[in-house]
1. Look at Ser114 and say whether it is open to solvent by less than 50 Å² (accessible area, probe 1.4 Å), assigned by the TED database to the domain that holds Ala77 and either at pLDDT below 85 or basic (Lys, Arg) (or both).
2. Kindly indicate whether Gly271 is more than 27 Å from the chain's Cα centre (by Cα) and not hydroxyl-bearing (Ser, Thr, Tyr).
3. Output the residues belonging to the stretch 219-265 that are polar (S, T, N, Q) and either open to solvent by 30 Å² or more (accessible area, probe 1.4 Å) or closer than 30 Å to Met331 by Cα (or both).
4. Against the definition (at pLDDT below 90, over 14 Å from Arg204 (Cα atoms) and hydrophobic (A, V, I, L, M, F, W, C)), how does Ile145 come out, yes or no?
5. Every residue in the stretch 51-79 that is open to solvent by 80 Å² or more (accessible area, probe 1.4 Å) and charged (D, E, K, R), please.
6. Could you look through the stretch 388-402, keep only residues that are open to solvent by 100 Å² or more (accessible area, probe 1.4 Å) and not acidic (Asp, Glu), and pick out the one that is nearest to Met356 (Cα to Cα)?
7. Which members of the stretch 130-142 meet the condition of being open to solvent by 30 Å² or more (accessible area, probe 1.4 Å), among the polar types (S, T, N, Q) and not in a strand (DSSP E or B)?
8. Just to be sure I understand the filter: pairs with C-beta atoms under 7 Å, separated by 6 or more residues or on different chains, first member in the stretch 76-92 and without any contact (Cβ under 8 Å) to a residue 60 or more places away in the chain, second member crowded, with 16+ Cβ neighbours inside 10 Å and of a type in the set (Lys, Arg). Which pairs pass?
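The values are calculated or read from the model by the stated rules, or taken from the named source; none is laboratory data. Computed from a predicted model, the values in this text were never measured in an experiment. As a convention, Cβ positions derive from the backbone with ideal geometry for all residues, glycine included, and neighbour counts pool all protein chains shown. Areas reflect the complete protein model, heavy atoms only, side chains present, ligands, DNA and RNA absent. Shrake-Rupley method; radii C 1.70, N 1.55, O 1.52, S 1.80 Å.
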Amino acid sequence: PRDEPAPTPTEAGAEVTPVPAEGSPSPPAEPPAPAPEPELEKPKEEPPSCPLSLAVEEVSENSFTLTWKAPEQMGRAGLDGYVVEICKDGSSDWKAVNQEPFLSTRYTIPNLSSGDKIHVRVVAVSASGTSVPATLEQPVLIREILQLPKIRMPRHLRETYIRRVGDAVNIMIPFQGKPQPEVSWTKGGQPLDTKRISIRNTARDTIFYIRQAQRGDSGKYELTVQINGAEDRATLDIQVVEPPGPPQNLKLVDVWGFNVALEWTPPVDNGNSEIKGYRVQKSDKKSGKWFTVLERCTRTSCTISDLIIGNTYSFRVFSENICGLSDSAAMASGVAYIEKTKTTYQPEKIPQRDMMEPPKFTQPLTDRTTTRGYSTHLFCSVRGFPQPKIIWLKNQMEIREDPKYIALIDQGVCSLEIRKPGPFDGGVYTCKAVNPLGEASVDCRLDVK
């Protein structure tokens, strides 16, 4: 009887659920069944995103080469590769060039006919699906490019090109490419306003011309040079500026002694350029002439000092940007009168201070190595009051009036010159400072090689 139930679980497991209930081994076989169900729910993964920066690298008489960059999102499973599809101009029949996906981001499409116009797109493939295709905007004309397009942007145009309002903008940008490239200019993705901007192209360069620049002409202009899908791009950043407006709300905040405090706010119009600072000027009522007190003041307040007693002063402030000063200045509404004040001298009672101080070395001696026959100096500094007496010792023996040594002290700096030392002049040198309140000493080692 035990041999018979063995086949029934296998049959029952495939057909009916009540039968497995008879045998104890079959119930544990069912609980794993729900476990895969959440796994089936998880793989709701999105396909990879679109490949990036699809471009033509090279075109020949019967082929062309594409390059692109990997998509931003590849999915958890990772990429299987890319599929390149082509379609002749005028047709809607897309055909895959490669049967199997490949992982390279560069591909050459061979066996094409010269003169054909070919549309191209690339899709990324993974286990979770196929991406949205990356498509070339223009079809590729199959003919040999003798020289790839290349823009030779002049060095001074690689940074922001600044002109003043009313100035002419006349820029020539050379390029190369054979056959002659197609040149196009855009601003913000839109064609240029031909009423304001003139473009003239030759086989070797493009000329960008504005007769009288206005602030609205500022911005980034995109230049594209293209041959059969192969292209080069460059950006021309133009900034048209003019002098700023005057500062606002200039106020005479305070007058005290020989000093005046001013405050103001930035101009309403900065002239399409950053405000570099402010120029502050004063005028004496007697002379009526204006004199500059501060240049390029970066704050919106200042203090003017050293004014003359008895004079009456007016103040004005200009704002300044890359074009220069504002055409007009902000005038302070009030005037500052520097009063004559009668002062009586009251000697300050200075408390008596005990100036006595025992000697203390503020800079110690440092070990030195010198060469035989070359004079050397030892330095240290000491303070103390009364001025301490300085005693130099060598190997604990006081150096007395020896012509080989010159000891000096100046403003607390002690020096000992050792003239043309020999091997026996090496050793430990000590500087001792002594005054009635105590003594201090420092030492160092001198080696003579």
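1. Here the answer is no, as Ser114 does not meet what is asked.
2. no
3. If the condition is that a residue be polar (S, T, N, Q) and either open to solvent by 30 Å² or more (accessible area, probe 1.4 Å) or closer than 30 Å to Met331 by Cα (or both), then Gln226, Thr235, Gln239, Gln248, Asn249, Asn259, Thr265 are the ones that fit.
4. yes
5. Glu58, Glu61, Lys69, Glu72, Arg76
6. Checked the stretch 388-402; the qualifying residue nearest to Met356 (Cα to Cα) is Lys389.
7. Gln138, the sole residue that qualifies.
8. From residues that are without any contact (Cβ under 8 Å) to a residue 60 or more places away in the chain, the pairs are Glu85/Arg121.
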